[in-house]
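What follows is a single structure, written as structure tokens, with notes after it.
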Amino acid sequence: MDQFQDIRPYNDEEVRPVIDALLDNPEFIRSIAGFSFPRLYRFFPALVCLLTRRRLRTQLRDVNDVRSMQAVIAFYMDQMIEKTTSSLTHTGLEGLSRDKAYLFISNHRDIAMDPAFVNYMLFHAGFDTVRIAIGDNLLKRPFVTDLMRLNKSFIVHRSLKGRDLLKSSKQLSEYIHHCIGTGHSVWIAQREGRAKDGLDRTDTALLKMLALARREDGFAAALNALHLVPVSISYEFDPCDLLKADELQQKSEHGTFQKTEQSDIHSIVTGMIGYKGRVHVSFGKQISLQSDDAEEAAALVDEQIIRNYLLQATNHQALQMLQDEKAVPADTDAARRFAARVEQASPAMRPFLLQMYANPVLSKKPKDSVASFSSL
């Protein structure tokens, strides 16, 4: 009996049947058609759906296992990187072993692109790609769940309460330990949800969940068995920055932000197709815990993520603009692009937009020297 069947990615023998079912799913075809050809779809939906189904059948005809599925994804990833980034760099991979599985615990800026960029770096360096933790809040439709599980994603149940939550957390912990124990690396965000304010902090509840499967060994031993490696991802431009600033501003003003069914999908698509400029992925060093203190463990993860985070020119520019509203941007294309981006935000949103870029700079400073702008 497969104890992880309801949350794990699809196995090789399941890939082709799932793809065939998706190609026969009208909702899936309509979504892809509308996303790929929005203007044509508006006037000729039936024709665009027909052509979309034919194109997908051709592109996916030779996909029969996970590896061939990921080869198709890598092709699209190359195209996306070419169109939406000006450079893509990495550090730290030389410190990792290709014969070892790791739990990459990462800061979180973008729903889809954070693990995608980690995977891209690993793939092109000769490492196997990771299995990706994804919250069930993003899986509103069955075909979205299928797509994610085809791409080595596993499901994190976030809407459960009480005993159901404990049972689900234990299963999730056991699955992650199973992955590492059988040679499959895993990516997981350091906390639930993106760090919309630019402050990267690890949730101790996440670390405690990771230890559940082997709690009889003790907290430190359980986490050390996962070969924990912090990862820092930085974007020169965050395609979702205006969406995040709007949410932060509304929460500050009204105490809440009402998401719609389309909010997460809109963020995923915006993050994929939006301009990112320079992107850097920094792989840290494997953490070896000596204490069962979850707060101490979180601090060790945070220290590496913050230290290895590559500050972009936009981070410094945002801090300068927060400190001096009349600051003149540097005479570069990136500086002018960022200033124009800030101008798109309403006056009420602007401080929140700037803070998400400025806080990574402040996070690197001694805690007693300057406060973050997170309370704006």
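Some values worked out for this structure:
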item: ³J(HN,Hα), Karplus 6.51/-1.76/1.60, whole Hz, each residue of the stretch 179-189, x for Gly, Pro; result: 4, 5, x, 9, x, 10, 6, 10, 10, 8, 6
item: Residue (of G181, Q79, L322) at the positive-pole extreme of the chain, dipole from beta-carbon charges; result: Q79
item: Amide H contacts under 5 Å for R278, placed H, 5+ residues apart; result: S86, S87, E236, F237
item: Of all DSSP beta bridges in the chain, antiparallel share, percent nearest 5; result: 20 percent
item: Relative contact order (%) - criterion: Cα under 8 Å, at least six apart; region: the chain; result: 20 percent
item: Cβ-based net charge around Y10, under 14 Å, with every Lys or Arg adding one and every Asp or Glu removing one; result: -2
item: Inter-centroid distance (Cα atoms) of the stretch 203-272 relative to the stretch 47-101, Å; result: 23 Å
item: Cβ-based exposure ranking for D238, D324, in which fewest neighbours within 10 Å come first; result: D324, D238
item: Residue-averaged [θ]222 nm for the chain, counting only DSSP H segments that reach four residues, each worth -39500 (n - 2.57); result: -16000 deg cm²/dmol
item: Residue-span extension gain [H266 to T58] - 0.36 nm each, minus C-alpha spacing; result: 72.2 nm
item: Percentage of interatomic Cα-Cα distances in the chain larger than 26 Å; result: 55 percent
item: Among the listed pairs K196/K276; K167/K208; K251/K276; K83/K244; K208/K364; K83/K152, those beyond 19 Å (Cα-Cα); result: K251/K276; K83/K244; K208/K364; K83/K152
item: Angstrom value of the Kirkwood radius, inverse mean 1/r, which spans all Cα pairs in the stretch 314-363; result: 10.8 Å
item: Student exercise, the stretch 314-363 dipole from Lys, Arg, Asp, Glu Cβ charges, in Debye to nearest 20; result: 120 debye
item: Size descriptor, Kirkwood hydrodynamic radius, that averages inverse alpha-carbon separations across the stretch 1-95, Å; result: 15.9 Å
item: Mean separation of Cα contacts under 8 Å, 6 or more apart, over the residue count of the stretch 314-363: relative contact order %; result: 57 percent
item: Under the Debye formula (equal points on every Cα, no solvent term), log10 I(q)/I(0) of the stretch 116-215 at q = 0.12, 0.16 Å⁻¹; result: -0.44, -0.80
item: Using θ = phi - 60° and Karplus 6.51 cos²θ - 1.76 cosθ + 1.60, couplings along the stretch 268-281 (whole Hz; Gly, Pro as x); result: 4, 5, 4, x, 6, 9, x, 6, 10, x, 7, 10, 10, 10
item: Estimated FRET transfer efficiency (S87, E325; beta-carbon r; R0 22 Å; 0.05); result: 0.15
item: Which of D136, D2, D164 has the fewest Cβ neighbours within 10 Å, and the rest in rising order; result: D2, D164, D136
item: Cα-based shape type of the stretch 276-373, given that a ≥ b ≥ c are square roots of the gyration tensor eigenvalues and the cut on a/c is 1.5; result: prolate
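Taken together, the values in this text are just the output of simple stated rules run on the coordinates, not laboratory data. Just so it is clear, the structure is predicted and the values come from calculations on it, not from any experiment. As a convention, Cβ positions derive from the backbone with ideal geometry for all residues, glycine included, and neighbour counts pool all protein chains shown.
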